[in-house]
Amino acid sequence: MGSKREYKITVKNFFRHLHTVNKHRFKVFCLCVKAGEFWRGLVHDLSKYSPVEFWEGVKYFQGNYSPIRNCKIENGYSEAWLHHKGRNKHHYEYWFDYATEDTTPIIPYKYFVEMICDSLAAGMIYQGKNWNDEYQLTYWLKTREKARINPKMDKLLTRIYTDVAKRGVDKVLDKKYLKEVYTRFTK
């Protein structure tokens, strides 16, 4: 029987978490600029600096994946995640509403682009040198069954991540290409 890990806020984790958040936001910004969504990149994940998100991130920080995972394992939920997904429209969870007729609407284009840039950047930051063009497709295919997302958006994300795997990030994060594929899949 394994021992339970003790999580606590430390000065070291404060700076490590802050560095990871800043590095992630900068990578998303660069990818969003490449994709033609400068503003979405600039304002991406500002809520991560709010006390509820930031301090939980410091407490559960370990560096290889989101601290939210450790918090959910320990507590069964994450206040940071509940706060984050409710304020950031680039998460498909933001758009799910069980009390509406269309529980999973089509996500508007600008947030869809930010979502792609966010997921690619997260993989790049957490995987470091181990990241490759196939990473996000593999990750998406493992996790998509649990996603409460519009079927058209599911197919669109699968197509984009497949294209990244085949053609690379630079070729896929082209504004004209993204708009064309988004329009084709969401009609």
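The values are calculated or read from the model by the stated rules, or taken from the named source; none is laboratory data. Nothing here was measured: the structure is a model prediction, and the numbers come from that model. Cβ placement follows ideal geometry from the backbone for every residue including glycine, while neighbour counts extend to all protein chains displayed. Ligands, DNA and RNA are excluded from the accessible area calculation, which covers all protein heavy atoms including side chains. Shrake-Rupley method; radii C 1.70, N 1.55, O 1.52, S 1.80 Å.
For the reader, a short list of remarks on this structure follows.
- Among the residues making up region 93-119, a single one is open to solvent by 50 Å² or more (accessible area, probe 1.4 Å), among the acidic types (Asp, Glu) and part of a helix (DSSP H, G or I): Glu93.
- Residues (in a helix (DSSP H, G or I) and over 19 Å from His84 (Cβ atoms)) located in region 1-15: Val11, Lys12, Phe15
- Yes/no for Lys142 being more than 16 Å from Ala35 (Cα to Cα) and either of a type in the set (A, V, I, L, M) or touching a residue at least 12 places away in the same chain (Cβ under 8 Å) (or both): no
- Residue in region 35-49 that is touching a residue at least 24 places away in the same chain (Cβ under 8 Å), buried (at least 19 other Cβ atoms within 10 Å of the Cβ) and either more than 15 Å from Cys117 (Cα to Cα) or polar (S, T, N, Q) (or both) present: yes
- When region 49-60 is filtered for residues that are within 17 Å of the chain's Cα centre (by Cα) and not acidic (Asp, Glu), the ones remaining, listed by number, are Tyr49, Phe54, Gly57.
- Restricting attention to region 125-137, the residues that are of a type outside the set (Phe, Trp, Tyr), open to solvent by 40 Å² or more (accessible area, probe 1.4 Å) and in contact (Cβ under 8 Å) with a residue 24 or more places away in the chain total 2.
- Considering Ser3, Ser78, Ser66, the condition of being crowded, with 19+ Cβ neighbours inside 10 Å and modelled with pLDDT under 95 is satisfied by Ser66 alone.
- Residue ID - most open to solvent (accessible area, probe 1.4 Å), chosen from residues in region 145-187 that are in contact with a Ser or Thr (Cβ under 7 Å, 6 or more places away or on another chain) and assigned to a loop (DSSP other than H, G, I, E, B): Arg148
- Subset of region 70-92 [in a helix (DSSP H, G or I) and either β-branched (Val, Ile, Thr) or more than 13 Å from the chain's Cα centre (by Cα) (or both)]: Asn70, Cys71, Lys72, Ile73, Glu74, Asn75, Glu79, Ala80, Leu82, His83
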